[in-house]
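Everything below concerns the one structure shown next.
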Amino acid sequence: MRIVIDEDKCTGCAFCLFECPLPNKGIKMVKGKAKVKNDCEGCGKCIAVCTAGAILLE
């Protein structure tokens, strides 16, 4: 399973970035939008805090 971010829905709030438990973060912000990094372990904590519903688990 992997985390996918719908850039059209992402508001750039960065809640997902702050919620990520990884020391180096599995998400980064690029031009005001969240992007999943290769470091992401797919824990799904970011899904719970995404108020825009832009993060999905595939």
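The values are calculated or read from the model by the stated rules, or taken from the named source; none is laboratory data. These numbers were taken from a predicted model, which means no experiment stands behind them. FYI the Cβ positions are ideal-geometry reconstructions off the backbone, even for glycines, and counts take in every protein chain you see.
Listed values, structure above:
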{"read-out": "Qualifying positions in region 1-27 - surrounded by 15 or more Cβ atoms within 10 Å (Cβ to Cβ), among the charged types (D, E, K, R) and out of contact with any Leu (no Cβ under 7 Å at 6 or more places or on another chain)", "value": "E19"}
{"read-out": "Single residue of region 1-21 satisfying the filter (at pLDDT 95 or above, in a loop (DSSP other than H, G, I, E, B) and of a type in the set (A, V, I, L, M, F, W, C)) that is nearest to A54 (Cα to Cα)", "value": "C10"}
{"read-out": "Of all residues in region 46-58 being under 13 Å from V4 (Cα atoms) and surrounded by 11 or more Cβ atoms within 10 Å (Cβ to Cβ), the one that is modelled with the lowest pLDDT", "value": "L57"}
{"read-out": "Any pair with Cβ under 8 angstrom, 6 or more apart, that starts in region 26-55 at a residue that is acidic (D, E) and ends at one that is surrounded by 15 or more Cβ atoms within 10 Å (Cβ to Cβ)", "value": "D39/K25; D39/G26; E41/G26"}
{"read-out": "Region 27-37: number of residues that are within 18 Å of L57 (Cβ to Cβ) and either outside any loop (DSSP other than H, G, I, E, B) or modelled with pLDDT under 95 (or both)", "value": "4"}
